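Some notes on the structure that comes next.
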Amino acid sequence: MLERDVLVVGAGPAGLAASIEAAKAGADVLLVDLNMKPGGQLFKQIHKFFGSSAHRSGTRGFDIGLKLLEEAKEAGVEIWLQSTVVGAFPGNLIAIEKGVDGGAKEVITLKSKKVIIATGASENVVRFKGWTTPGVMGAGAAQTMINVNHVKPGKKIVMVGSGNVGLIVSYQLMQAGCDVVALIEAAPKIGGYAVHAAKIRRAGVPIYTKHTVVEAIPGEDGTVCKVVIAQVDDHFNPIPGTEETIEADTVTIGAGLKPATDMVKLEKCQLTFNGPFGGFIPLHNDKMETSKSGVYVAGDATGVEEANTALEEGKIAGISAVESLGLISPKEAEKRRIEIWDRLEALRMGPFGERRQQEKDNILKEYEEKIGTAVEMD
Amino acid sequence: MALINDGYLEFEELNKLQKLPSEERYAKGPVAVIECVQEIPCNPCEAACKFGAINVGNPITNLPTCSHDKCTGCGVCVSKCPGLAIFIVNKAYSETTATVGFPYEYMPTPSEGMAVSAVNRKGEVVCDAKVVKVVNPPAFDHTPVVTIEIPKEYADEVRSIKRL
Amino acid sequence: MCLRVDEHCILDVENKAPLVEISVDGNTIKAHEGEPILAALLSNGIKVNRYTVKKHEPRGLFCGIGQCSDCSMVVDGKANVRTCITPVKAGMVIKTQDGLK
């Protein structure tokens, strides 16, 4: 049977960082990802990142992705693409549907001493009349099309949601040559960073706060040709008589993300609900270990944040996994974890970050109270 | 607040939240105008300035401050700011005109001498303008800095051009 | 309608992979080998990938990362292929999916 020291699930920033840390310490690491290419969302991020110099701020996301892939290669991380975990069984056994040449799949059973889950997040949906019409899609889907596949989802876009995803993807759609004809936000205020809003305003994008999409109207070909928006009241219900019709062929929905916890559930890790972090997330301690001994988590799967925090959490998970394998000393591991938690704290400051810092503290506390020490479950 | 309700800064808001160059400093030539007004964890502008004019310090959520006397208006910070929130304003360009330098990451990239429409922070066209300089060295990592000449009275308002 | 991004300030958008021919509902279109089938179709203005089982409603690109299955099509005789995560190969025969087939 195939055996590895560490299985990492998800090759985004968290999974790559975890794999690199573990492999550098001498662990046999297998990294699996269901996509055609590794890098997670990093290769869709063509803007320069915020953060401190320690986080390569000012560097574009995809350049950070390239650097990580290079480091993973150097460290000897084995990567399986188009591969999905489909089962977890007693005795540290994991079933993986492995993508093989020619698009075929093969199910392989792996015995892995440690598992790191870095499965990221999925997009939330807003439902309105016609939301399933071709031309209505996630903002992330549109971003994938323009920045990875270099194809525009349409020509005239209505963006729904003013969080950072909605604002940044609007900007990037214009960079790809689309027109963003409106950005719609149900709340009275813009959700994301003002600088992101400012750059799309300068480019002439109207931002409609206290508005919602009422309907996406299909044309003869069955795809979106008109979009009806309306003002909302204090309970976010459309106010009759305020409807406006906008000519557009695409509606992109940037309504936030929720942690992808399928794999965490498969491993029967204990979950907790956390609104600000996007939904159900696995309880974990400051080693990023879940309620199940030997199973670690990192990145958006532990609560939706951003690439820099995912990278740092990934490093912690990687370090903790090799510590428990005896590849690095507990003293060394603890020293490095403290440095990383300090950097994470700096990333979780200010009006946009402090809430996440509080919630992270709460989660660590809840872990202490409910779990204390991770248990062997098999 | 226009900033969080509508996504752009009114000049009065900016003036309250950031220390802007004095009229005496403006009279001496190009200078950076930093329009970063929210405490987000970000500091590449600090390292970008080789004259030590920009300070963020600890914690990195501090708003950047610019010592306008040290600033030479070189424009390197304009290309480095991930928020595209720094501009170079030269109110001493000529008797009647000023220049505004801004990051411009759309296609096509404007060329020197081109006639363009200058827009304010809301994206409204406020006056005609002429492109006087386009700088895009490898160090700017694909963020061209475009400088346009405009009538002096619009120097505090104009921040970009209508997309070509 | 061509929806390819042909110029970009930041990205090198030139796809160096060879152009190959694929068949879509009997029509031949050009696509870059290795790009997702969905992207090749979208660049040619094809936005409907399948029709639903019960109400026969059109569906197209929604998540773009293999999670929602709205872009499923019949590829080389096999139904329910998620075209957003399946790469183009020369000579592929692709059909708009109707219901489950």
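Pairs spanning more than 20 Å between alpha-carbon atoms, out of B:LYS50/B:LYS152; A:LYS287/A:LYS370; A:LYS152/C:LYS30; A:LYS73/A:LYS268; A:LYS44/A:LYS105: B:LYS50/B:LYS152; A:LYS73/A:LYS268; A:LYS44/A:LYS105.
Using θ = phi - 60° and the Karplus relation 6.51 cos²θ - 1.76 cosθ + 1.60, list the HN-Hα couplings for the stretch A:191-208 in order, rounded to whole Hz, with x at every Gly or Pro. Values per residue, Gly and Pro as x: x, x, 5, 4, 5, 5, 5, 4, 6, 7, 5, 4, 7, x, 7, x, 10, 9 Hz. Inter-chain neighbour count for A:106-117: the average number of beta-carbon atoms from partner chains within 10 Å of each residue's beta-carbon is 0. How far is helix A:13-24 tilted off the main Cα axis of chain A, in degrees rounded to 10, range 0 to 90? Roughly 20 degrees, rounded to the nearest 10. From its DSSP helices (H runs of at least four residues, each -39,500 (n - 2.57)), the protein assembly as shown gives a residue-normalised ellipticity at 222 nm of -7000 deg cm²/dmol.
3J(HN,Hα) couplings calculated from phi for the stretch A:242-259 with the Karplus curve 6.51 cos²θ - 1.76 cosθ + 1.60 (θ = phi - 60°) are, in sequence order, 9, 5, 10, 10, 10, 6, 7, 10, 9, 10, 10, 10, x, 10, x, 10, 10, x Hz; Gly and Pro show x.
Oblate is the label for the stretch A:253-345. Its Cα gyration tensor axes, ordered a ≥ b ≥ c, give a/c of at least 1.5 and b/c at or above a/b. Peptide C:52-60 shows a mean partner chain C-beta count of 3 within 10 Å per residue C-beta. Put simply, the amide H of C:SER72, placed in the peptide plane, has neighbours under 5 Å in C:THR83, leaving out anything fewer than 5 places away on its chain. The three principal axes of the Cα atoms in the stretch A:147-213 give end-to-end lengths of 34, 24, 20 Å, sorted in falling order. Residue pairs exceeding 28 angstrom between C-alpha atoms, taken from A:LYS129/A:LYS155; A:LYS335/B:LYS80; A:LYS129/C:LYS54: A:LYS335/B:LYS80. Taking the empirical scaling 2.2 N^0.38 Å for compact globular proteins as reference, the stretch A:1-105 has a Cα radius of gyration ratio of 1.15. When you count the other C-beta atoms within 10 angstrom of each residue and take the mean per peptide, A:227-233, C:15-21, C:81-87 line up highest first as C:81-87, A:227-233, C:15-21. In a DSSP loop and with at most 11 other Cβ atoms within 10 Å, the trypsin sites (Lys or Arg not before Pro) in the stretch A:56-153 are A:ARG127. Computed on chain C, with alpha-carbon pairs under 8 angstrom and 6+ residues apart, the relative contact order is 30 percent. Couplings for the stretch A:333-350, taken from phi via the Karplus curve 6.51 cos²θ - 1.76 cosθ + 1.60 with θ = phi - 60°, read 4, 5, 4, 5, 4, 4, 4, 5, 4, 4, 5, 4, 4, 5, 6, 9, 10, x Hz in order; Gly and Pro are left as x.
Here the calculated FRET efficiency for B:LYS133 and A:LYS73, from their Cβ-Cβ distance with R0 = 56 Å, stands at 0.85, rounded to the nearest 0.05. Taking other C-beta atoms within 10 Å as the exposure proxy, A:ARG355, A:ARG337 rank A:ARG355, A:ARG337 from fewest upward. Amide hydrogen proximity for B:ARG159: with H placed 1.01 Å from N in the peptide plane, the residues at 5 or more positions away or on another chain lying under 5 Å are B:VAL119, B:ASN120, B:ARG121. With K and R counted +1 and D and E -1, the other residues having a Cβ less than 13 Å from that of B:THR97 yield a net charge of -1.
A protection proxy built from the mean count of other Cβ atoms within 10 Å ranks the segments A:325-332, A:264-271, most packed first, as A:264-271, A:325-332. Here B:LYS28 is the anchor, and the aspartates and glutamates within straight C-alpha reach of less than 20 Å, apart from those fewer than 8 places off in the same chain, are B:ASP69, B:GLU95, B:GLU149, B:GLU153, B:ASP156, B:GLU157.
Mind checking the mean number of beta-carbon atoms from other chains within 10 Å of the Cβ atoms in A:188-196? Neighbouring Cβ atoms belonging to other protein chains average 6 per residue here.
Each peptide in A:139-145, A:184-190 receives the mean, over its residues, of other Cβ atoms within 10 Å, and ordering these scores from highest gives A:139-145, A:184-190.
Only the coordinates and a few stated rules stand behind these numbers; no lab work does. Computed from a predicted structure; not experimentally measured. Neighbour counts run over all protein chains shown; Cβ positions are idealised from the backbone, glycine included.
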